[in-house]
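Undergrad: Below are the structure tokens for one structure; questions will follow.
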Amino acid sequence: MKTIEIISPAKINLDLKIGSFNKKKSLHNIKTKMQKINLVDNIFLKKIPTKNRQKILIKISGKQKKNLPTNGDNLVFKAAKIFFKETKIKDSLEIHLQKNIPQLAGLGGASSNAAKVLKGMEKLYEQKIDFKKLINLGHCLGSDVPFFISQQNCAQITGTGEQIKKVFAEKFYVSIFMLPKIFISTKWAFQKFAELKNKKKLPANNFEKMIFYFFPDLLELKQELLKYTEKVGLSGTGSALFALFKNKEKQKKCNEKIKKKCSFFWMGETL
């Protein structure tokens, strides 16, 4: 059976402003500059024989596979179901995820995987879905999915995630840091943000002040990183912090000092 491999990159949010809640879409309006990085998952798609009923099988391997569901709760399963429904294809599919992007980090791993499964299935089944339609299908899965469907490496995202505008992408070396035992659910973060009484004078990432209140160790980590570069931030709702560098030697010096206290550390560059 034919197998195709897809690269599924992570992202960082260079800024993130939270707007009003869109009741119709059950999502918040946002304005954020997203940047893809070369921290990637690998996805393998393979047609499998169909007997009596359609099956979607999910296999997961890699360092970041812990506790990921292999059933209908996984976003790639939902992406495959949406594709089959849209194209009316009655086939069975095996999805193998090699996970390198950590979960509950604000790096968009699940959204990227879902987007790349939609794009990969187009290729595997030799289908061509209208781009706007594909964006809408992706948007049904989550507000970050359309960005990963797009070809843009850096974009201004508005609306509830479906409006994508290419912006200039300055090249940086990137380091990602996560502290032990800090995992942040996006749903929880939005709930806590909604409870804030004072939403004035928020940082570039509107979540930072609130997240640092609940997780002061992340604030301490950011302050340490700022000794090496001015470009440090929380990605999405966290828990990952990113640091951007123009000079690779400065990046290495920072990494050597900081990475020992981290549960997850990665160094690479923007796409």
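The values are calculated or read from the model by the stated rules, or taken from the named source; none is laboratory data. As the structure is a computational prediction, the values presented were derived from the model and not from experiment. Because the Cβ atoms are built from the backbone with ideal geometry, glycine has one as well, and the counts that use them run over all protein chains shown.
Undergrad: Return the pairs, sorted by first residue and then second, in which the second residue is crowded, with 18+ Cβ neighbours inside 10 Å and part of a helix (DSSP H, G or I), the first residue lies in the stretch 215-240 and is outside the structural domain of GLY161 (by TED's automatic domain parsing) and free of Cβ contacts under 8 Å to residues at least 24 places away in the same chain, the beta carbons are less than 7 Å apart, and the residues are 6+ apart or on different chains.
TA: LEU219/PHE212; VAL232/LEU225
Undergrad: Which numbered condition in (1) within 17 Å of SER111 (Cα to Cα); (2) surrounded by fewer than 22 Cβ atoms within 10 Å (Cβ to Cβ); (3) not charged (D, E, K, R) is the only one that MET34 fails?
TA: Going through (1) within 17 Å of SER111 (Cα to Cα); (2) surrounded by fewer than 22 Cβ atoms within 10 Å (Cβ to Cβ); (3) not charged (D, E, K, R) one by one, MET34 breaks only (2).
Undergrad: Restricting attention to the stretch 207-230, and to residues there that are of a type in the set (D, E, K, R) and over 22 Å from ILE182 (Cα atoms), which single residue is surrounded by the fewest Cβ atoms within 10 Å (Cβ to Cβ)?
TA: Looking at the filtered set, the residue picked out is GLU230.
Undergrad: Tell me, which residue of the stretch 33-90 that is part of a helix (DSSP H, G or I) and of a type in the set (Phe, Trp, Tyr) is nearest to GLU269 (Cα to Cα)?
TA: PHE77
Undergrad: May I ask you to list pairs of residues, at least six apart or on different chains, whose Cβ atoms are under 6 Å apart, with the first in the stretch 157-169 being within 8 Å of ILE30 (Cβ to Cβ) and the second being surrounded by fewer than 16 Cβ atoms within 10 Å (Cβ to Cβ)?
TA: THR158/LYS31; THR160/ASN22; THR160/LYS25
Yes or no, residue by residue, for (1) in contact with a strand residue (DSSP E or B) (Cβ under 6 Å, 6 or more places away or on another chain); (2) outside any loop (DSSP other than H, G, I, E, B); (3) hydroxyl-bearing (Ser, Thr, Tyr); (4) not assigned by TED's automatic domain parsing to the domain that holds LYS81:
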{"position": "LEU137", "(1), (2), (3), (4)": "no, yes, no, no"}
{"position": "CYS140", "(1), (2), (3), (4)": "no, yes, no, no"}
{"position": "PHE147", "(1), (2), (3), (4)": "yes, yes, no, no"}
{"position": "GLN151", "(1), (2), (3), (4)": "no, no, no, no"}
{"position": "THR160", "(1), (2), (3), (4)": "yes, no, yes, no"}
{"position": "ILE182", "(1), (2), (3), (4)": "no, no, no, yes"}
{"position": "LYS187", "(1), (2), (3), (4)": "no, yes, no, yes"}
{"position": "GLN191", "(1), (2), (3), (4)": "no, yes, no, yes"}
{"position": "LYS201", "(1), (2), (3), (4)": "no, no, no, yes"}
